[in-house]
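All remarks here apply to the structure that follows.
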């Protein structure tokens, strides 16, 4: 699956669910619940326990039912490791030229983090598939997107259930959501059912915004 195909799938549901923290033993269950709710992309951060194992397990158990990516990829060595594990997209908090070029050369979807206009355009010039605006704040996102409306943005950090659809309405291709969507609650009681309902509502809200925007 090439970078543009992965981008299209991510844009379809409009959200990347981020697993950051200790979800050992829960990787497949969480990913499956998210997939059933309509979330098509899940990212596990490299600073989470057993991140590489998570990528391998989800790919093995769920195939392409959900895209499995790696986050907090800081070096080319990290990029190589997650690629070997089967990651279908790579996300970073920063724009490391070596990481972006590594992925671009392999037609692997790469979403580097950037904040200023210079950083954003540097990421694009290096070959970024999408750009992670990090951290995200609505007024700042709108200000950046004004002159940079051709950039496929994925705002992350500061995105909540209550404002995710607003970022899509403002022009984001997708949003990244971690603890605001997946928290420690998933490992307790009916946490997985709660996650499924939250994710279902989120995807529905995003799709409704996209449908209204498309009619304009």
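The values are calculated or read from the model by the stated rules, or taken from the named source; none is laboratory data. The structure presented is a predicted model; accordingly, all values stated were derived computationally and were not measured. Methodologically, a virtual Cβ is constructed for each residue, glycine included, from the backbone with ideal geometry; neighbour enumeration extends over all protein chains shown.
Determine, yes or no, whether residue 12 is over 13 Å from residue 178 (Cα atoms), without any contact (Cβ under 8 Å) to a residue 40 or more places away in the chain and under 16 Å from the mean Cα position of the chain (by Cα). Judged against the criteria, residue 12 is a match.
Answer yes or no as to whether residue 142 is surrounded by fewer than 16 Cβ atoms within 10 Å (Cβ to Cβ), out of contact with any strand residue (DSSP E or B) (no Cβ under 6 Å at 6 or more places or on another chain) and part of a helix (DSSP H, G or I). When the stated conditions are applied, residue 142 passes them.
Please determine whether any residue of segment 180-187 is outside any loop (DSSP other than H, G, I, E, B), at pLDDT below 95 and surrounded by 17 or more Cβ atoms within 10 Å (Cβ to Cβ). Scanning segment 180-187, I find at least one residue that is outside any loop (DSSP other than H, G, I, E, B), at pLDDT below 95 and surrounded by 17 or more Cβ atoms within 10 Å (Cβ to Cβ), so the answer is yes.
Please determine whether any residue of segment 146-157 is within 28 Å of residue 95 (Cα to Cα), touching a strand residue (DSSP E or B) at 6+ places or on another chain (Cβ under 8 Å) and at pLDDT below 95.
From segment 146-157, those within 28 Å of residue 95 (Cα to Cα) are 146-157; that's our starting set.
Going one step further and asking which of them are touching a strand residue (DSSP E or B) at 6+ places or on another chain (Cβ under 8 Å), we end up with 151-157.
In the following step, the residues that additionally are at pLDDT below 95 were identified as 157.
Within segment 146-157, one or more residues are within 28 Å of residue 95 (Cα to Cα), touching a strand residue (DSSP E or B) at 6+ places or on another chain (Cβ under 8 Å) and at pLDDT below 95.
Among the criteria (1) under 21 Å from residue 104 (Cβ atoms); (2) out of contact with any strand residue (DSSP E or B) (no Cβ under 9 Å at 6 or more places or on another chain), the one residue 71 does not fulfil is (2).
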